[in-house]
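Asks: I have a structure I would like to understand better, so I am pasting it below and will then ask my questions one at a time.
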Amino acid sequence: MKRRKFIKRSFLGTLGLGILTGLYAWKIEPFWLEYVQLKMPIKNLPDNLIGKKLMQISDIHVGNRFNYQYIIDAFTEAQKHKPDFVVYTGDYVSYEDETQLTQLQEVLQHSVKGTLGTLGILGNHDYGKNWAEQNVASGITNLLKKSGITVLSNEQYEINGLNFIGFDDYWGLNFNPRKAMQNYSPNSASIVLCHNPDVCDLDVWNNYKGWILSGHTHGGQCKAPFLPPFMIPVKNKKYTSGKIALENDRTLYINRALGHLWQVRFNVRPEITIFELTKA
């Protein structure tokens, strides 16, 4: 009898723990936003930009898969940090149909802006179904521009002596990093925006040395403690999240995403990153 009671209690305890874990991963962690704060040393950074704040927001995934009021609330909270620069690194929607453009327009009314500049690039989901719908990408680009976000598509854009280089998405229709890097100068203070971190392994960098800001992976969204994520959408499985030192004096940072593909996260909280600019 004692053995039967022990087995029964163990089973009920395990079942209860599983239910609580499931509720946490569904109802709590997907909306438990973390602000990650880091120093960003940049070569040739102008003295007037030392100490300025650069905020990275990635993968908001507006759509029907979770209540995107959470994104609006997160934007409202993030505005209180008063960033000098804001960069959005792709995947603004989880596209199903044109409804997502209307939903995104609503969300962008609350978007976070930098006092000096606000820029963005596209991600794979911004190209619609199978990443192959140019009309979807064009619609999202127009909405971003109307809301005051400068969209970079394989081009460079300088603000107060800081040069932003924006790649179009690796899986999208307009990926052309060589065009973006062809006029790169090692004497400039530069930051690359690149949605998919797998691009770091391509021979397209023109001897670039500096920071690369990415998203795309969501950190896997679910991860057992002390183990790598179960699944991430990249070839190079070391590209999960956070700061990664690369060869040729490059530094990659992968944001864990503010939104979600599906409303579930475990041990991978949503993130907004705030960098303090310093001179390398």
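Asks: Once the other residues with Cβ under 13 Å from the Cβ of F266 are scored (Lys, Arg +1; Asp, Glu -1), what is the net sum? List each step's numbers first, then the result.
Replies: Numbers: positive: K27, K223, R256, R265, R269; negative: E29.
That works out to +4.
Asks: Follow-up question, since we're still on this one. Calculate how large, on average over all directions, the projected area of the Cα convex hull of the chain is; give the answer in nm² to one decimal. Write down the numbers at each step before the final one.
Replies: Working: hull surface 65.1 nm².
Its average projected convex-hull area is 16.3 nm².
Asks: If you don't mind, another one. Explain nothing, just the number: dipole magnitude of the chain about its Cα centre with +1 on each Lys and Arg Cβ and -1 on each Asp and Glu Cβ, in debye rounded to the nearest 20. Spell out each step's value before the answer.
Replies: Details: 31 positive and 25 negative charges, 357 e Å.
Dipole magnitude for the chain comes out near 1720 debye.
Asks: Would you check the accessible area of E133, probe 1.4 Å, heavy atoms only, in square angstrom rounded to 10?
Replies: 50 Å²
Asks: Also, quick follow-up: What whole number of Å gives the distance from the Cα centroid of the range 169-211 to the Cα centroid of the range 93-138?
Replies: Here the answer is 21 Å between Cα centres.
Asks: Restricting to DSSP H runs of at least four residues, report the calculated mean residue ellipticity at 222 nm for the chain, -39500 (n - 2.57) per run over all residues, nearest 500 deg cm²/dmol.
Replies: Values: 5 runs with 60 residues, N = 280.
After summing the helix terms and dividing by the residues of the chain, the value is -6500 deg cm²/dmol.
Asks: Right, next: Could you tell me which of rounded, prolate or oblate describes the range 233-280, using a ≥ b ≥ c as the square roots of the eigenvalues of the alpha-carbon gyration tensor, with rounded for a/c under 1.5 and, failing that, prolate when a/b is larger than b/c and oblate otherwise? Walk me through the intermediate numbers first.
Replies: Working: a/c = 3.34, a/b = 1.47, b/c = 2.27.
Oblate is the answer for the range 233-280, as a/c is 1.5 or above yet b/c matches or exceeds a/b.
Asks: Rolling a 1.4 angstrom probe over the protein heavy atoms, how many square angstrom per residue are accessible across the chain?
Replies: Accessible area per residue: 48 Å².
Asks: Mind ranking Y170, Y157, Y92 by accessible surface for me, highest first, 1.4 Å probe? Please list the in-between numbers first.
Replies: Numbers: Y170 60, Y157 95, Y92 5 Å².
Putting Y170, Y157, Y92 in descending order of accessible area: Y157, Y170, Y92.
Asks: Please get the size of the charge dipole for the range 95-165, origin at its Cα centre, with Cβ charges of +1 on Lys and Arg and -1 on Asp and Glu, quoted in debye to the nearest 20.
Replies: Details: 4 positive and 8 negative charges, 50 e Å.
Here the size comes out at about 240 debye.
Asks: Same structure, new question: Leaving ligands and nucleic acids out of the surface, order L227, L122 by accessible area at 1.4 Å, largest first.
Replies: The residues order as L227, L122, largest area first.
Asks: What does the charge add up to near S94, with Lys and Arg as +1, Asp and Glu as -1, over the other residues with Cβ less than 13 Å from its Cβ?
Replies: Around S94, the surrounding residues sum to -3.
Asks: Under 14 Å Cα to Cα from K52, which aspartates and glutamates show up? Leave out anything in the same chain fewer than 8 places away.
Replies: D84, E276
Asks: Pick out, from H195, N236, Y92, the residue whose Cα sits farthest towards the positive end of the charge dipole of the chain, with +1 on the Cβ of Lys and Arg and -1 on the Cβ of Asp and Glu.
Replies: Result: N236, furthest along the dipole toward the positive end.
Asks: Which residues in the range 140-176 place their backbone N less than 16 Å from a point set 7 Å from the Cα of N44 along the Cα-to-Cβ direction?
Replies: 156-166
Asks: Then there is this: In the neighborhood of I28, defined by Cβ-to-Cβ distances under 11 Å, what is the net charge if each Lys or Arg adds +1 and each Asp or Glu adds -1?
Replies: My count for the surroundings of I28 gives +2.
Asks: Further, regarding this structure: Using a 1.4 angstrom probe on the protein heavy atoms only, could you order E271, E106 from most to least accessible area?
Replies: Details: E271 0, E106 75 Å².
Of E271, E106, the descending order of accessible area is E106, E271.
Asks: Which value, in Å² rounded to 10, gives the accessible area of W26 with a 1.4 Å probe and all protein chains present?
Replies: Around 120 Å² of this residue is reachable by solvent.
Asks: Build a GNM of the chain with springs between Cα atoms under 10 Å: which of K80, K237, K39 gets the top mean-square fluctuation?
Replies: K80
Asks: Another one. Please work out whether the range 134-274 counts as rounded, prolate or oblate from its C-alpha gyration tensor, where a ≥ b ≥ c are the square roots of the eigenvalues and a/c under 1.5 means rounded, while otherwise a/b larger than b/c means prolate and anything else oblate?
Replies: oblate
Asks: Run the accessible area of the range 22-132 with a 1.4 Å probe and give the carbon-and-sulfur part as a rounded percent. Write out the running numbers ahead of the final one.
Replies: Numbers: 2350 of 4710 Å².
Answer for the range 22-132 is 50 percent, counting heavy atoms of protein chains only.
Asks: When DSSP beta bridges are limited to those with both residues in the range 111-258, what percentage is antiparallel, rounded to the nearest 5? Walk me through the numbers on the way to the answer.
Replies: Numbers: 10 of 24 bridges.
Taking every DSSP beta bridge within the range 111-258, about 40 percent pair in antiparallel fashion.
The values are calculated or read from the model by the stated rules, or taken from the named source; none is laboratory data. Nothing here was measured: the structure is a model prediction, and the numbers come from that model. With ideal geometry, Cβ positions are generated from the backbone for all residues, glycine too; neighbour counts draw on all protein chains shown. Heavy atoms of the whole protein, side chains included, go into the accessibility calculation; ligands, DNA and RNA do not. Shrake-Rupley method; radii C 1.70, N 1.55, O 1.52, S 1.80 Å.
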